[in-house]
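The values are calculated or read from the model by the stated rules, or taken from the named source; none is laboratory data. Small disclaimer: the values here were computed from a predicted structure and weren't measured. Here the Cβ is made from the backbone with ideal geometry for all residues, glycine too, and neighbour counts use every protein chain on show. When the accessible area is computed, the model is the full protein with side chains, heavy atoms only, and any ligands, DNA or RNA have been set aside. Shrake-Rupley method; radii C 1.70, N 1.55, O 1.52, S 1.80 Å.
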Amino acid sequence: MTRFAMVIDTRTCIGCGDCVVACKTENNVPEGLNRDWVVEATSGTYPDLKTEFRSERCNHCSNPTCVTLCPTGASHLWKDTNIVLVEPEKCTGCKACIAACPYDARLVMHPDGYIDKCTFCHHRVEKGMDPACVSSCPTRCMHFGSLDDPSSEVSKLLKTREYKVLSPETGNEPNVYYLL
Amino acid sequence: MKEELLVTARGNELIDPSLHIWTWEVAMYLFLGGLTAGVMVFAALMTVLNKDEEAPFAAKRLALLAPLVLSAGMTTLFLDLEHKLFVYRFYTSFQITSPMSWGAWILVVIYPISIMQILSTFRSGYGFFAGFADRMTIGREILDFCERYRRQIAMVAIPFATALGIYTGILLSAFGARPFWNSGVLGPLFLVSGMSTAAALVALIARHHSEKALFTRIDLGLIVVEIALVALFLINLATGTGQQIDALQSVLGGPYTLVFWVLFVGIGLLIPLLLETLEITGVSKKLAMLAPILVLFGGYALRQIMLDAGQESSWTHYDTQYNSELLERLHEENP
């Protein structure tokens, strides 16, 4: 299985939201819905406060509970990778996958009624391009690539920098990494 | 402090500000599914234990309710689907890791078993209608066949109906992403609750005094077991992970405290427990009708509260100031 990962540098992210706009434009995401979003996380006690920006989306988990709990096989892994997609023709709109995602990253695509989500822009990845959010980032804090290739940018960053993933204790093995 | 604020707009329908994907349709299905399981188990048990005389309604007529109640439940479940035209997709695959897929196929098995269960007591329970079937050779043969194997049909009905009752709980507990549901106790709890509602239904509509008394006694036992399972569920969450302890707060001071303790535990469990005890000991029979109605109400309340509180429990909690109504207002002003 090819493992694609996104590595996002929280030190250079300024929370501008360009990734969000790029996604909406590239994927024609209907108004009012978002496949990605930016979180501003502040922790500490004044005056010792620390803020980090995180561009978040589907984590394309290596152990995706949305796929294991889908009753029809509509939620599936794309071409032996960890990219989680939904086949609209198989989706009944039962919403089990929404409940199954500990990151609340899936959404109902209205008005059609099937489930929609971040695709890691697999239509671009197929052509060797980066996802739209990564390509459009003005501070170049987002990186995309294969973790199986030790010489890829994402592999090198994870080798040399300190990082975290969101709630690793879910057991889902998320593949969006945040550099600290 | 720890503050996680969404700085780009996110108002994803049914997800923000907190997950609310399933409403009364699913709660009703879980309730009616559990009731169906109970109905089938009791109809089968009365057959296996030869209780035709003592419990004529449960032994001969109760089974008819199973497919009717289950069909009503499947209708409400269908109403919940967002992509309704593709409902047949449940039956073009079997996903071994998905309880919903198991449930979809259990339902397929339940229907024929339930129909055979009805036919095995059709002549004795519904003589008038059986008369029509008897006029045709094929109808006569089918009724003869089912009557001959009545006991065997009942023996098959018990494990499958039990699976139906347990699955409605496993369906929720399999969602590790929803800490409030993440307890293995939910399966047995929903099964016992479903059987309790079915016993209450028999106590409510059976005509013979002996049968009413028998099912009041059965229900009393089931309520006691259900109270124990509720306690185990609460202990399970209270001694679980941080997420589970957090989730439990919704019924320990949080928004579902009142409905959980008053509507479900109080009105749905403790009051019927008291009323049925008074009835059995012969102290007071005035409220004999009320207890089963409260049990049925409590059964539904359990599903609705579990469903609502469980969906809201999550691993992620973001504050957001985005208000999707503002977007709509913008459209109204600039059409």
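Do we have B:VAL265 as open to solvent by 70 Å² or more (accessible area, probe 1.4 Å), away from chain A (no Cβ under 14 Å) and aliphatic (A, V, I, L, M) here? Judged against the criteria, B:VAL265 is not a match.
Looking at this structure, is A:CYS137 more than 13 Å from the chain's Cα centre (by Cα), at pLDDT 95 or above and either over 22 Å from A:PHE53 (Cβ atoms) or open to solvent by less than 50 Å² (accessible area, probe 1.4 Å) (or both)? Yes, satisfied.
Within the bounds of region B:5-19, is there any residue that is in a strand (DSSP E or B) and either among the acidic types (Asp, Glu) or surrounded by fewer than 21 Cβ atoms within 10 Å (Cβ to Cβ) (or both)? Yes - at least one qualifying residue is present in region B:5-19. Scanning region A:158-180 for residues that are β-branched (Val, Ile, Thr) and part of a loop (DSSP other than H, G, I, E, B) yields a single hit, A:VAL165. Of all residues in region A:148-168, those being open to solvent by 20 Å² or more (accessible area, probe 1.4 Å) and hydroxyl-bearing (Ser, Thr, Tyr) number 4.
If I filter region A:74-85 for residues that are of a type outside the set (Phe, Trp, Tyr) and modelled with pLDDT under 95, do I get at least one hit? Even if it seems obvious, please write down each step before you answer.
Residues of region A:74-85 that are of a type outside the set (Phe, Trp, Tyr), as a first pass: A:74-77, A:79-85.
Pick out the ones that are also modelled with pLDDT under 95 and you get A:79-80.
Yes, there is a match, as at least one residue in region A:74-85 is of a type outside the set (Phe, Trp, Tyr) and modelled with pLDDT under 95.
Of the residues making up region B:218-232, those that are buried (at least 18 other Cβ atoms within 10 Å of the Cβ) and of a type in the set (A, V, I, L, M) are B:ILE218, B:LEU220, B:LEU222, B:ILE223, B:LEU229, B:VAL230.
Residues that are within 14 Å of another protein chain (Cβ to nearest Cβ), open to solvent by 50 Å² or more (accessible area, probe 1.4 Å) and touching a residue at least 24 places away in the same chain (Cβ under 8 Å) do not occur anywhere in region B:28-40. Within region B:167-203, track down each residue that is touching a residue at least 60 places away in the same chain (Cβ under 8 Å), open to solvent by 10 Å² or more (accessible area, probe 1.4 Å) and farther than 29 Å from B:MET289 by Cβ. Across region B:167-203, the qualifying residues are B:TYR167, B:ILE170, B:LEU171, B:ALA174, B:ASN182. Quick one: is A:GLU56 open to solvent by 60 Å² or more (accessible area, probe 1.4 Å), modelled with pLDDT of 95 or more and of a type outside the set (A, V, I, L, M)? So A:GLU56 fails the test.
Of all residues in region A:139-157, those that are touching a Cys at 6+ places or on another chain (Cβ under 7 Å) and either without any contact (Cβ under 8 Å) to a residue 24 or more places away in the chain or assigned to a loop (DSSP other than H, G, I, E, B) (or both) total 2.
From the list B:GLU276, B:GLU333, which residue is more than 14 Å from every other protein chain (Cβ to nearest Cβ), open to solvent by 90 Å² or more (accessible area, probe 1.4 Å) and charged (D, E, K, R)?
Working: B:GLU276 fails: open to solvent by 90 Å² or more (accessible area, probe 1.4 Å).
Just one listed residue meets the conditions, B:GLU333.
Of the helices (runs of 4 or more DSSP H) entirely within region A:1-117, those holding at least 2 residues that are out of contact with any strand residue (DSSP E or B) (no Cβ under 7 Å at 6 or more places or on another chain) and facing chain B (nearest Cβ under 7 Å) occupy A:65-68, A:96-100. Of all the listed residues (A:GLY171, A:GLY128, A:GLY145, A:GLY113), the sole one being open to solvent by 40 Å² or more (accessible area, probe 1.4 Å) and not charged (D, E, K, R) is A:GLY128. Is it fair to say B:PRO67 is within 22 Å of the chain's Cα centre (by Cα) and surrounded by 19 or more Cβ atoms within 10 Å (Cβ to Cβ)? When the stated conditions are applied, B:PRO67 passes them.
You will find that of A:CYS94, A:CYS141, the residue that is in contact with a Pro (Cβ under 7 Å, 6 or more places away or on another chain) and over 16 Å from A:ARG35 (Cα atoms) is A:CYS94 and no other.
Scan region B:233-254 for residues that are in contact (Cβ under 8 Å) with a residue 40 or more places away in the chain and loosely packed, with under 14 Cβ neighbours inside 10 Å and the total you get is 1.
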